[in-house]
1. Loop only per DSSP, at most 16 neighbouring Cβ atoms within 10 Å: give me the chymotrypsin sites (Phe, Trp or Tyr not before Pro) in the stretch 65-112, ordered by residue number.
2. Please work out, to two decimal places, the log10 of the ratio I(q)/I(0) at q = 0.13 Å⁻¹ from a Debye calculation in which every Cα of the stretch 20-115 carries one identical scatterer.
3. Rank these for me by crowding, Val69, Val47, Val115, going from fewest to most other beta carbons within 10 Å.
4. Name the long-range amide H neighbours of Ser31: under 5 Å, sequence gap of 5 or more, or other chain; modelled H, no Pro or chain starts.
5. Given H placed 1.01 Å from N in the peptide plane, which residues other than close sequence neighbours of Asp65 have an amide H under 5 Å from its amide H?
6. Using the beta-carbon distance between Ser28 and Leu85 and R0 = 41 Å, what value does 1/(1 + (r/R0)^6) give for FRET efficiency, to the nearest 0.05?
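Just so it is clear, none of the values below were taken in a lab; they were calculated from the coordinates. Predicted model, so just to flag it, every value in this text is computed and none were measured. Glycine gets a Cβ as well: all are built from the backbone with ideal geometry, and neighbour counts include every protein chain shown.
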Amino acid sequence: MRLSALSAILLFAIACGSESSPTSTNGSNKSYDVYTVATAFSPSDLVINAGDTVIFHITKAPDGDGHDVTFDATPGAPANIKVTLTGDISRVFNTRGSFHYNCFVHPGMTGDVQVK
Ligand SMILES: [Cu+2]
């Protein structure tokens, strides 16, 4: 019994090996930060677990414009974030899958969240 619990924990740790590093933890759910840096999202790729939160920290681009976070029309994608000059806006990812998003103000400014 004790041994199987230990191997379950070990398996869990191995399965989570490729995950991104959370910036905070609330119970079993974690929070990850994504920043806008000029006209890029950083980090632009995240691997998280279902139920985790991503906080988008949006700051004005050098061109004076804000940023939006618009997800591809994938079932389970969280609500889009409208063009924002400055603000910290969080989204909870409850559905497993790959979620690609764009800032349409800045062509080529994209990111991905993989929810395991
Ligand atoms: Cu942008």
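1. Phe104
2. The Cα Debye sum returns log10 ratios of -0.39.
3. Val47, Val115, Val69
4. Thr23, Ser24, Thr25, Asn26, Thr53
5. none
6. FRET efficiency, Ser28 to Leu85: 0.75.
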